[in-house]
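Nothing in this text is a laboratory measurement; each read-out follows from the coordinates by a stated rule. In this text, all values refer to a predicted model and were calculated from it rather than measured experimentally. Methodologically, a virtual Cβ is constructed for each residue, glycine included, from the backbone with ideal geometry; neighbour enumeration extends over all protein chains shown.
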Amino acid sequence: MRKPVQHLLNMIFNLFIVFIIVLRMGELIYTRKNRKWMLQHDALEYDSRLYSVILGMHILFIVSLLVEYGHQKTQAYSTFLLAAYFLLLGFKIWTLSSIGNLWCQKTFRMPELPIIRKGPYKFMNHPNYIIVVGEVLLVSLAFHLYYTACIFTILHIALLYIRIKEEDKALKKYSKILSIQTKQTT
């Protein structure tokens, strides 16, 4: 492959990685802001040992992208899969805006607040987790990083399975507390 073309492909990949890192940093800032807001409004924060594992997984995913890309004999990318990724980001924005201040990377439950059933939450309980798995797949496959795609898709699915069970447990626990309080007041 000619050097100018190779240089352009590397530049596109590197800019994309920077874009992903900026998005992840934005999500951390958004989480911090929403966590503060929820705690000011009497939210119950549930112990989430998974949070640090999730953060570590995001970092390792980016490292894996860089390492595998660097070891490829020929670098290339799929315009179609990159376009699909940006379409998925639109779905993510819809998902996050549907729950506003209630979106957080940690597990919370707001007192006396019903479960949100608007936006994509009308159709499914955990749309953001489907998006996360989609992001891992699309980013990896867009740059033909098949090992990263396989390993991190499987790891994310396993981790999110545990996370969903944790969130559902927190919701059930809160629902029991709420029903006991309701019975006591009647």
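Dipole magnitude for the chain: computed about the Cα centre from +1 point charges on Lys and Arg Cβ and -1 point charges on Asp and Glu Cβ, it is near 260 debye.
A simple spin-label model places the labels of Val133 and Val53 1.7 nm from each other, with each point 7 Å out along Cα-to-Cβ. Legend: calculated FRET efficiency, Phe86 to Lys165, from the Cβ-Cβ distance at R0 = 35 Å, rounded to 0.05, equals 0.65.
Counting every pair of alpha carbons in region 3-185, the share spaced more than 21 Å apart comes to 55 percent.
Considering helices alone, the calculated mean residue ellipticity of the chain at 222 nm is -26500 deg cm²/dmol, with DSSP H runs of length four and up weighted by -39500 (n - 2.57) and normalised per residue. The angle separating the long axis of helix 146-185 from the principal Cα axis of greatest extent in the chain is about 10 degrees. Spin-label point model (7 Å from Cα, Cβ direction): what's the Leu113 to Trp94 distance in nm? About 2.3 nm, to one decimal. Relative contact order of the chain: 29 percent, from C-alpha pairs under 8 Å at least 6 residues apart in sequence.
Between the residues Leu102, Leu55, Leu81, the greatest Cα displacement towards the positive end of the dipole of region 1-140, with unit charges on the Cβ of Lys, Arg, Asp and Glu, is found for Leu81. Between Lys122 and Leu23, the contour length at 0.36 nm per residue exceeds the Cα-Cα span by 33.1 nm. Helix 127-142 and the long axis of the chain differ in direction by around 10°, with both axes built from C-alpha atoms.
Listing His156, His144 from fewest to most neighbouring C-beta atoms within 10 Å gives His144, His156. Exposed loop positions in the chain were taken to be trypsin sites (Lys or Arg not before Pro) whose DSSP state is not H, G, I, E or B and which have at most 14 other beta-carbon atoms within 10 angstrom. Between these positions, the longest stretch is 119-186. Computed from Cα atoms, the angle from the helix 3-40 axis to the main principal axis of the chain rounds to 10 degrees.
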